[in-house]
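Single-structure report; data block below.
The values are calculated or read from the model by the stated rules, or taken from the named source; none is laboratory data. Bear in mind the structure is a predicted one, so any value in this text is a computation, not a measurement. Neighbour counts are summed over all protein chains in view; Cβ atoms, including those assigned to glycine, are modelled from backbone coordinates with ideal geometry.
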DNA sequence: CGCCTAATTGACAATGATTCTCATTTCCGT
DNA sequence: ACGGAAATGAGAATCATTGTCAATTAGGCG
Ligand SMILES: [Mn+2]
Ligand SMILES: [Mn+2]
Ligand SMILES: [Zn+2]
Ligand SMILES: [Zn+2]
């Protein structure tokens, strides 16, 4: 598998900047309109493509809202971790749990599952809401 | 809030039966075509409505595939639990982890989150695949 | 039993997120 | 500057899911 050759474009930089400016998980559509509002207009397809590429490189985290929409966030930690997400304001707290990782590995092995990956998110109402 | 008055219809019975016959997580569309194949044809909208209702009553579990599609499963356990899902054949194993539940409760409380709920699924390749 | 009526159904349209197309523009190594 | 590959974007296409609404049906009541 050959390495992806990636160019430096103002559009991708703008998407990254917009992501960095957001504390919450945001959708591609939201990012697109925020970019449009602040003048740095970027095509919707490009926003989708950039987010997909960033997610593939683990530069951003992705999760699905209850209605299946994909939302993205640039996390402070680049290690594997999970989130505490406020379902009112969208604020996210990064958390990790070694005990959970162990448990997942153990139960996967016990049932003969290979190439495992897991998703774990906690949704609730944060103390500011 | 008034209690929902629910009638007994062949359509809903058929959806439930089709769910019981499936060992894997299936989408509304899949159930719809399976029902059609086996003769017990049920309208697509009705399949969606029935699945939504069943999920609301916790009669079925729902999760989202990587591409955001909702898939449903009638689980043996009616207790809170999680799944080991084969991303090749779709087979699911029900698992639970008290340690995980404790961790989720602890980390939620530590950050002042209320009314918390969590999602946790493990995806991998099962030993038969 | 038949009746009545509200719940349910289903064909079809509408919605909305995501992906595809493809002509045009933009990097970037030479 | 040049050339070609990569990236972009406007719009069309896809596709799961939801809404509409007229026709059907479950089930309580007389
Ligand atoms: Mn983990
Ligand atoms: Mn749990
Ligand atoms: Zn909040
Ligand atoms: Zn399998």
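Computed values, structure above
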read-out: The range B:44-57, subset in contact (Cβ under 8 Å) with a residue 12 or more places away in the chain and either within 14 Å of chain A (Cβ to nearest Cβ) or over 17 Å from residue B:7 (Cα atoms) (or both), residue nearest to DNA strand D (Cβ to nearest atom); value: B:48
read-out: Test: residue in the range B:42-53 that is modelled with pLDDT of 95 or more, at negative phi, assigned to a loop (DSSP other than H, G, I, E, B) and out of contact with any strand residue (DSSP E or B) (no Cβ under 9 Å at 6 or more places or on another chain); value: yes
read-out: Contacts under 8 angstrom Cβ, first residue in the range A:82-100 being within 20 Å of residue B:103 (Cα to Cα) and assigned by TED's automatic domain parsing to the domain that holds residue A:66, partner assigned to a loop (DSSP other than H, G, I, E, B) and within 16 Å of DNA strand D (Cβ to nearest atom), 6 or more apart; value: none
read-out: Residue match in the range A:27-40 (condition: over 20 Å from residue A:90 (Cα atoms), exposed (fewer than 12 other Cβ atoms within 10 Å of the Cβ) and either within 10 Å of DNA strand D (Cβ to nearest atom) or within 14 Å of chain B (Cβ to nearest Cβ) (or both)); value: no
read-out: Positions within the range A:87-129 being at the interface with another protein chain (Cβ under 7 Å from one of its Cβ atoms), in a loop (DSSP other than H, G, I, E, B) and loosely packed, with under 13 Cβ neighbours inside 10 Å, in sequence order; value: A:127
read-out: Residue check for residue A:60: more than 9 Å from chain B (Cβ to nearest Cβ), touching a strand residue (DSSP E or B) at 6+ places or on another chain (Cβ under 7 Å) and modelled with pLDDT of 95 or more; value: yes
read-out: Selection status of residue A:66, loosely packed, with under 15 Cβ neighbours inside 10 Å and closer than 15 Å to residue A:27 by Cα; value: yes
